[in-house]
Amino acid sequence: MKVKRFEIDELDKLIAFEKELRKEEPDTYFTQINEDYKRQIVSSFSDPSFNTALSYIALIDDKVIGRLDASLIVTRYNGLIESAYLDWIAVLKSQRRKGVAQLMVKALLSDLKKKGITELIILTATNEEAKRFYDCLAGNDREEAIRIAVA
């Protein structure tokens, strides 16, 4: 298994992963994987708004089995970029509990450290499987968070 940054030339592999993920857990993932979805991902690579995005994929034999998406948090508070946000992490159900997600997080943390980022912020899912995963991450300092929908 290997983990690497996601690049646009691997889009078809990513789309296959997304479709399989939804077959394995149809009640968990709701975004439609269609041509619009594909176009949005392609356009994100040329849109400067996504310059702070960090995306990783885990592969076995050239097949995507996991995906992680994060972003640097950019503010003008002190003129520094010190934090990042883990937006999404998913592993095929058939590949869970094999260290895939931990390897993707490790790759992210390594890249963040090189960029001088000192904190990764994660809003965790509430299901038991996700809680077990997040609790096993080194340096975990669980705090409460508030989510506010922008209407």
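The values are calculated or read from the model by the stated rules, or taken from the named source; none is laboratory data. The shown structure was predicted, so the numbers you read here are calculated from the model rather than taken from an experiment. Glycine also receives a Cβ, built like all others from the backbone with ideal geometry; neighbour counts cover every protein chain displayed.
Here is how the numbers come out for the structure above:
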| item | result |
| --- | --- |
| Residue list for the stretch 88-100, filter: without any contact (Cβ under 8 Å) to a residue 40 or more places away in the chain, aliphatic (A, V, I, L, M) and either surrounded by fewer than 21 Cβ atoms within 10 Å (Cβ to Cβ) or in contact with a Leu (Cβ under 8 Å, 6 or more places away or on another chain) (or both) | ILE89 |
| Any hit, the stretch 77-93, residues being farther than 21 Å from ILE121 by Cα, in a helix (DSSP H, G or I) and modelled with pLDDT of 95 or more | no |
| Count of residues meeting criterion [among the acidic types (Asp, Glu) and within 16 Å of ARG67 (Cα to Cα)] in the stretch 1-53 | 8 |
| Selection within the stretch 55-87 - among the aliphatic types (A, V, I, L, M) and either in contact with an Asp or Glu (Cβ under 7 Å, 6 or more places away or on another chain) or touching a residue at least 40 places away in the same chain (Cβ under 8 Å) (or both) | ILE57, ALA58, LEU59, ILE60, VAL64, ILE65, LEU68, ALA70, LEU72, ILE73 |
| Those residues of the stretch 14-54 which are in contact (Cβ under 8 Å) with a residue 60 or more places away in the chain, more than 15 Å from the chain's Cα centre (by Cα) and assigned to a helix (DSSP H, G or I), in sequence order | GLU20, GLU24 |
